[in-house]
1. Restricting attention to the range A:136-146, does a residue exist that is in contact with a strand residue (DSSP E or B) (Cβ under 9 Å, 6 or more places away or on another chain), more than 9 Å from chain B (Cβ to nearest Cβ), over 18 Å from A:Ala42 (Cβ atoms) and of a type outside the set (Ser, Thr, Tyr)?
2. How many residues does the range B:205-240 hold that are in a loop (DSSP other than H, G, I, E, B) and either away from chain A (no Cβ under 13 Å) or in contact (Cβ under 8 Å) with a residue 12 or more places away in the chain (or both)?
3. Run B:Asn200 past the list (1) over 21 Å from the mean Cα position of the chain (by Cα); (2) in a helix (DSSP H, G or I); (3) touching a residue at least 24 places away in the same chain (Cβ under 8 Å) and report the number of the one that doesn't hold.
4. Take the residues of the range A:98-128 that are in contact with a Pro (Cβ under 9 Å, 6 or more places away or on another chain) and of a type outside the set (A, V, I, L, M, F, W, C): which is surrounded by the fewest Cβ atoms within 10 Å (Cβ to Cβ)?
5. For the subset of the range A:11-55 comprising residues that are acidic (Asp, Glu) and over 26 Å from A:Asn99 (Cα atoms), which member is modelled with the lowest pLDDT?
6. Within the range B:241-315, which helices (runs of 4 or more DSSP H) (wholly inside it) include 1 or more residues that are of a type outside the set (Ser, Thr, Tyr) and within 12 Å of chain A (Cβ to nearest Cβ)?
7. Please note which helices (runs of 4 or more DSSP H) are completely contained in the range B:43-154 and include at least 2 residues that are surrounded by fewer than 20 Cβ atoms within 10 Å (Cβ to Cβ).
Amino acid sequence: MNNNENNTLEASNGFSPGGDPGKNGGVKIVAFLCNWCSYAGADAAGTSRLRQPENIRIIRLPCSGRVNPLFIIKAFNQGADGVLVSGCHPNDCHYSEGNFYARRRLEFLKEFLPFIGIDKRRFSYQWVSASEAQKWQNVVINFVKRIEDVHAK
Amino acid sequence: MTVEDKLKEKINEIIDDLDLLVGYSASELPLKVNPVFIKNREDVKNLVFNKLCINNLATYIYNLSKKIKGTAGIVLKPCDASSVIQLLSEGLLDREKTRMIVAGCSGVFDYKKIQKHLGGQKIISLELENGNLEVGTINKKNTLKAADFYADKCYWCQIYNKPPLYDDFIENDQEPGIQPADKYADLEIIESKSIEEIMNYWDGQFSRCIRCYACRNVCPLEICQDRCITNLDEPYWQSQRINTQEGKFFQMIRVMHLAGRCTECGECERACPKNIPLAKLMKKSAQIVERLFDYKAGQEIDKKPPFLTFKDVEQNIKEENLS
């Protein structure tokens, strides 16, 4: 009970750099999900009771094209251990081309991060559609595992 | 006839067509030249063009184009011309209202390097003789090898006498005679370090940042100026605090807003009062853009900047699959 209260408090205050990592081995991951595919996919994973690690904090956005690369840098700056961006598969975007623009920006950012001293593996972007609850579970499990590896070093 | 005389002659011919001309004029400081804005024929004699013209005058052209009705003329080195080309390709300038007067260049000296070499002594005179720089300080005359003191960008310049686009071109007979260097050598030094060392390196550099925004204001492509997101309360991107993290984040704003646009003129690094190696960030970003999207900023007017377009299948992007 106590533990839970602490967690809610922490979550509402945002992420504190170098703060208490909380439970579950403690990595903190911010996920930016598009409203139409990945958020629905994550929701479906929840309703079909697929177990996933609890390290992910989801932020819902209208489209993966809404993701400003600076969101990700800001999340890292404020103490996130990992950032995940997920949207519709290419050619499936609700706004027809948002994820194509996103792909270019995010790939650029991914290549640039190591140059300023942020491990490339701490960031990833994935395409998960609304029906791919199973895929979402795998993505979360694998990504959390990867972040834990990076964190442990 | 030197390139400076030819430039003045050319400008005398065309000055009546222009509303305003931006050029270089002599300064009281021996290592610098000043930008000058000319409207009348009488002032053309004040123009200079020499190896000290390191400033990128393209910085002024966007704001000027908003203020004047007619044509704005601008004196450019071939490398500066690419900044104007980039602005044109993004539709930020009117081609009809911009007259690019490009003068061939034989390399420009970086006054910061000369000052650093002399340990910050006051410099009172500068002359170039037979490939040597005669630099006079208060009590001594120093002879320096000119080839060591060019601006960084001159060591890998390919276009010193062939600008990609121009209205008037003044050829420079003088060969630069600079030994070409590896453009990415300094990036490789950084990248060979471990990720923590890289983080510490940049933290050390940005601990000096005072957020004066000189890098932003001098940049020819950062036309946002005071409407920059760093100055906004809503949305709130950055606090006014001055510390390493904020300085670094501000620089990341610049990198993201200049990705695929930066023409690597090196003005940000030159303007930085704290000597933070900003050009390295820009060089890295340009390198990535070139590799991923096969795009080099400031080369062609008709090519769309990489982040304003996309392809169905991106050949150079390998997406990772975590599932």
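1. No, there is no match, as no residue in the range A:136-146 is in contact with a strand residue (DSSP E or B) (Cβ under 9 Å, 6 or more places away or on another chain), more than 9 Å from chain B (Cβ to nearest Cβ), over 18 Å from A:Ala42 (Cβ atoms) and of a type outside the set (Ser, Thr, Tyr).
2. Taking the range B:205-240 and keeping what is in a loop (DSSP other than H, G, I, E, B), we get B:207-213, B:219-224, B:228, B:232-240.
Now drop any that are not either away from chain A (no Cβ under 13 Å) or in contact (Cβ under 8 Å) with a residue 12 or more places away in the chain (or both), which leaves B:207-213, B:219-224, B:228, B:233-234, B:237-238, B:240.
Of the residues in that region, 19 qualify.
3. Answer for B:Asn200: the failing condition is (3).
4. Residues of the range A:98-128 in contact with a Pro (Cβ under 9 Å, 6 or more places away or on another chain): A:98-100, A:103-106, A:108-109, A:112, A:120, A:127.
Adding the requirement that they be of a type outside the set (A, V, I, L, M, F, W, C) leaves A:98-99, A:103-105, A:120.
Working: A:Gly98: 21, A:Asn99: 28, A:Arg103: 22, A:Arg104: 22, A:Arg105: 23, A:Lys120: 15.
Checking each candidate, the answer is A:Lys120.
5. To start, the set of residues in the range A:11-55 that are acidic (Asp, Glu) comprises A:20, A:43, A:54.
Now drop any that are not over 26 Å from A:Asn99 (Cα atoms), which leaves A:20, A:54.
Values: A:Asp20: 43, A:Glu54: 86.
That would be A:Asp20.
6. Details: elements: B:244-258, B:267-271, B:278-293.
In the range B:241-315, the matching helices (runs of 4 or more DSSP H) lie at B:244-258, B:278-293.
7. Details: elements: B:58-67, B:78-89, B:111-117.
Because the criterion is at least 2 residues that are surrounded by fewer than 20 Cβ atoms within 10 Å (Cβ to Cβ), the helices (runs of 4 or more DSSP H) in the range B:43-154 that meet it are B:58-67, B:111-117.
Quick grid of which residues meet (1) farther than 18 Å from B:Lys248 by Cβ; (2) loosely packed, with under 15 Cβ neighbours inside 10 Å; (3) polar (S, T, N, Q):
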residue: B:Glu269; (1), (2), (3): no, no, no
residue: B:Pro277; (1), (2), (3): no, no, no
residue: B:Asp294; (1), (2), (3): yes, yes, no
residue: B:Gln299; (1), (2), (3): yes, no, yes
residue: B:Leu308; (1), (2), (3): yes, yes, no
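The values are calculated or read from the model by the stated rules, or taken from the named source; none is laboratory data. Bear in mind that the values here come from a model prediction, so they are computed numbers and not experimental data. Please note: Cβ atoms are built from the backbone with ideal geometry, for glycine as well, and neighbour counts cover all protein chains shown.
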